[in-house]
Amino acid sequence: MAQTMKAAVLKAPHVIEVEDVPVPTISEPTDILLRVERTALCGTDLHPYEGRLEIESDVILGHEFLGTVEAVGSAVGQIAEGDRVVSSCVVSCGACYQCRRHQPGNCAGSRIFGLGLALGDLDGGQAEYVVVPSADLTTRKIPESGSATDDDILFAGDIMTTGYEAVVRAMRPGDTVAIVGAGPVGLCAAMSAVALGAGQVIVVDRVPARLKEAETYGVVGVDAGQGNPADAVLDLTDWRGADVVVDAVGHESALLSAISLVRAGGVLSIPGVYTEDSVDIPFGELYLKGVKLEMGVSHITEYMDEVIALMSAGKLAPSTMISHRMGLSEAAEAYKLFEAREATKIILDPRS
């Protein structure tokens, strides 16, 4: 009889069940089998959960996870049984034109864990075990020394690296960086801007608790519910606007706000996920301002090493965002809390 494991399975929109499913097995020589020790809920998981991303039923969710290697394929060279690793949320081929150009997020064969057949048909990590393809490219060993905890390293596979990339590809030291959205990616972008030497960092949101969290990183919080954020940013920048503005939300309203904050000749960086075919934006304003756009699926594996090094040096500590720790058996309740924005970041323990 095949071995079984517990996994959080999406049965239908807003229906999560924790089921006994077969333990996955290695099918390719570049695969590893990982025993999951920590996994997290991400805002992207809400797309299929809420039905905004239509996927088939019975998909195991989750793309933020770390754990211990249980088995390795014959072609894996950098990872061994017993190693503790964190995985990128995205798997790329490593050999195509885009990957060779250091843009793995644009790989035509890229796959994302836990988002169904349309995005690669990979089981997610909200389970006791997960198979990780292209392991030498996709995973990084967890440092045995340094300041980073496992809770910090967990986020190197997605949100911390996403927030970091959104800032590092757009800013220069001394820049004023404004971030629209104080959710997990926005908070990671704020941490990154501080670590990378921004002159000042401004975070815009409507939730006072999130702004309070952001302010602990040494940034200026602007409550969008208490006035026009553009006025506040102009006041803080001698009426220029921000050098770099990050849309960390992925919604038309946030994008419109971001456009109003950026200075002429500035950079608009968009790590927020857009699934719409089009949005209504003031393109003429962007053109006249001469704004540079940076956007698209994050190139996670290009920046994971930098992020882990900064974590180890104590420069980035995303574990401060964790608001809830729950067992995998409580996955259904965890998704309800997360959807209701009653949790910033939820960690699930696959063994409870």
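Coordinate-derived values only; no laboratory data. Not measured: the values here are computed from a predicted model. A quick note on method: Cβ atoms are made from the backbone with ideal geometry, for glycine too, and the neighbour counts reach across all protein chains shown.
Quick notes on this one:
- Coil-residue chymotrypsin sites (Phe, Trp or Tyr not before Pro) of the range 251-344, DSSP, other Cβ within 10 Å capped at 10: none
- For a straight C-alpha distance cut-off of 14 angstrom, the aspartates and glutamates reachable from residue 292 (same-chain residues fewer than eight places away being disregarded) are 243, 247.
- Cα centroid of the range 196-211 to Cα centroid of the range 1-57, whole Å: 33
- Potential lengthening between residue 75 and residue 325 on full extension [0.36 nm per residue; Cα-Cα distance subtracted]: 86.4 nm
- Cα gyration tensor shape for the chain, rounded if a/c is under 1.5, else prolate or oblate: prolate
- Close amide H pairs (under 5 Å, H built 1.01 Å from N) link residue 103 with no residue at least 5 positions away or on another chain.
- At R0 = 41 Å, FRET efficiency that the Cβ-Cβ distance of residue 28 and residue 231 yields, to 0.05: 0.15
- Which of 323, 192 has the fewest Cβ neighbours within 10 Å, and the rest in rising order: 323, 192
- For the chain, the longest principal axis of the alpha carbon atoms and the long axis of helix 300-312 meet at an angle near 80°.
- Computed from point charges on the beta carbon alone (+1 for Lys and Arg, -1 for Asp and Glu), the dipole magnitude for the range 54-160 about its Cα centre is near 640 Debye.
- For residue 61, the residues whose amide H sits under 5 Å from its own are 8, 10, 124, 126, ignoring neighbours fewer than 5 places away on the same chain, with H placed 1.01 Å from N.
- Paramagnetic label reach from residue 275 (point 7 Å along Cα→Cβ; backbone nitrogen cut-off under 19 Å): within the range 77-95, residues 89-91.
- Evaluated with a Cβ-only charge set (Lys, Arg +1; Asp, Glu -1), the chain carries a dipole of roughly 800 debye about its Cα centre, given to the nearest 20.
- Against the chain, whose longest principal axis comes from its Cα atoms, helix 252-261 is set at around 40 degrees.
- In Hz, Karplus ³J(HN,Hα) per residue of the range 185-190 (6.51, -1.76, 1.60; θ = phi - 60°; x = Gly, Pro): 5, x, 5, 5, 5, 5
- Mean ellipticity per residue at 222 nm, deg cm²/dmol - from DSSP H runs of n ≥ 4 across the chain, formula -39500 (n - 2.57): -7000 deg cm²/dmol
- Longest DSSP-loop-exposure-free segment, GluC sites (Glu not before Pro), the chain, at most 16 other Cβ within 10 Å: 145-275
- Computed 3J(HN,Hα) for the range 148-154, one whole-Hz value per residue from the Karplus formula 6.51 cos²θ - 1.76 cosθ + 1.60 where θ = phi - 60°, is 6, 9, 4, 5, 5, 4, 3, glycine and proline marked x.
- Cα gyration tensor, the range 1-119 - rounded (a/c under 1.5), prolate or oblate: oblate
- Distances between placed amide hydrogens fall under 5 Å for residue 178 paired with 202, 244, 245, 246, all partners being 5 or more residues away or on another chain.
- Cα gyration tensor category, rounded, prolate or oblate, for the range 160-295 with a/c compared to 1.5: rounded
- 3J(HN,Hα) along the range 215-228: 5, 5, 8, x, 10, 9, x, 10, 7, 5, x, 10, x, 6 Hz, from the Karplus curve 6.51 cos²θ - 1.76 cosθ + 1.60 with θ = phi - 60°, whole Hz, x for Gly and Pro.
- Pairs from the table (141/212; 6/212; 315/345; 141/336; 289/336; 315/336) lying more than 30 angstrom apart at Cα are 141/212; 6/212; 141/336; 289/336; 315/336.
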